[in-house]
Amino acid sequence: QVQLVESGGGLVQAGGSLRVSCAASGFIFSNYQMGWFRQAPGKEREFVAAITRSGITYYADSVKGRFTISRDNTKTMVYLQMNSLKPEDTAVYYCAADRVFAGTRPDEYDYWGQGTQVTVSS
């Protein structure tokens, strides 16, 4: 069955870096657009970054220039490199996959992981 498993979250100081990873299985990874979303306590899930099948990337304005999304189709992995982290980046980070869109809305994605917690201390 389809599985998306995030890893790499943790506690980091403001200004630091962290890379979260997502291992995909159960579908033809290279055919899917991939995205990262995040959700802070009491807030809605929000778009962070997306990467198309061909490697075109999109970012939320709040992370542009600090975060980098990438994918490795041979390993069926997608990554989010997060630099210059801020306390407001604290959230659960989710990996998502969609056959059609590399969209910015959660309802555009078919499959979701369970999330990994990222906490940025000030």
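Taking 0.36 nm per residue of separation and subtracting the Cα-Cα distance, full extension of the segment from Glu46 to Arg105 would add 20.5 nm. Quick check for you: with a 1.4 Å probe and neighbouring chains kept, what is the accessible area per residue of the stretch 1-63, in Å²? Roughly 51 Å² per residue, with all protein chains present.
For the stretch 1-88, with all protein chains in place and a probe radius of 1.4 Å, 47% of the accessible heavy-atom surface sits on carbon or sulfur.
Phi angles across the stretch 18-25 convert, under the Karplus curve 6.51 cos²θ - 1.76 cosθ + 1.60 with θ = phi - 60°, into 3J(HN,Hα) values of 7, 10, 9, 10, 9, 9, 10, 7 Hz, Gly and Pro given as x.
How many angstrom separate the Cα center of the stretch 53-88 from the Cα center of the stretch 1-45? If we compute the Cα centre of each part, the gap is 10 Å. Here Lys86 is the anchor, and the lysines within straight C-alpha reach of less than 21 Å, apart from those fewer than 8 places off in the same chain, are Lys43, Lys64.
Amide H contacts of Gly103 (H built 1.01 Å from N, in plane; Pro and chain starts excluded): no residue 5 or more places away or on another chain comes under 5 Å.
Counting DSSP beta bridges with both partners in the chain, what percentage is antiparallel, nearest 5? Before the final figure, lay out the partial values.
Numbers: 37 of 41 bridges.
Around 90 percent antiparallel, to the nearest 5.
From the Cα gyration tensor of the stretch 56-102, with a ≥ b ≥ c the square roots of its eigenvalues, which class applies: rounded if a/c is under 1.5, or else prolate if a/b is larger than b/c, or else oblate? Since a/c reaches 1.5 and a/b is larger than b/c, the shape of the stretch 56-102 is classed as prolate.
Couplings for the stretch 36-47, taken from phi via the Karplus curve 6.51 cos²θ - 1.76 cosθ + 1.60 with θ = phi - 60°, read 10, 10, 9, 9, 8, x, x, 10, 6, 5, 10, 5 Hz in order; Gly and Pro are left as x.
The values are calculated or read from the model by the stated rules, or taken from the named source; none is laboratory data. Please read all numbers here as calculations on a predicted model, not as lab measurements. Calculation scope for accessible area: heavy atoms of the full protein, side chains included, ligands and nucleic acids excluded. Shrake-Rupley method; radii C 1.70, N 1.55, O 1.52, S 1.80 Å.
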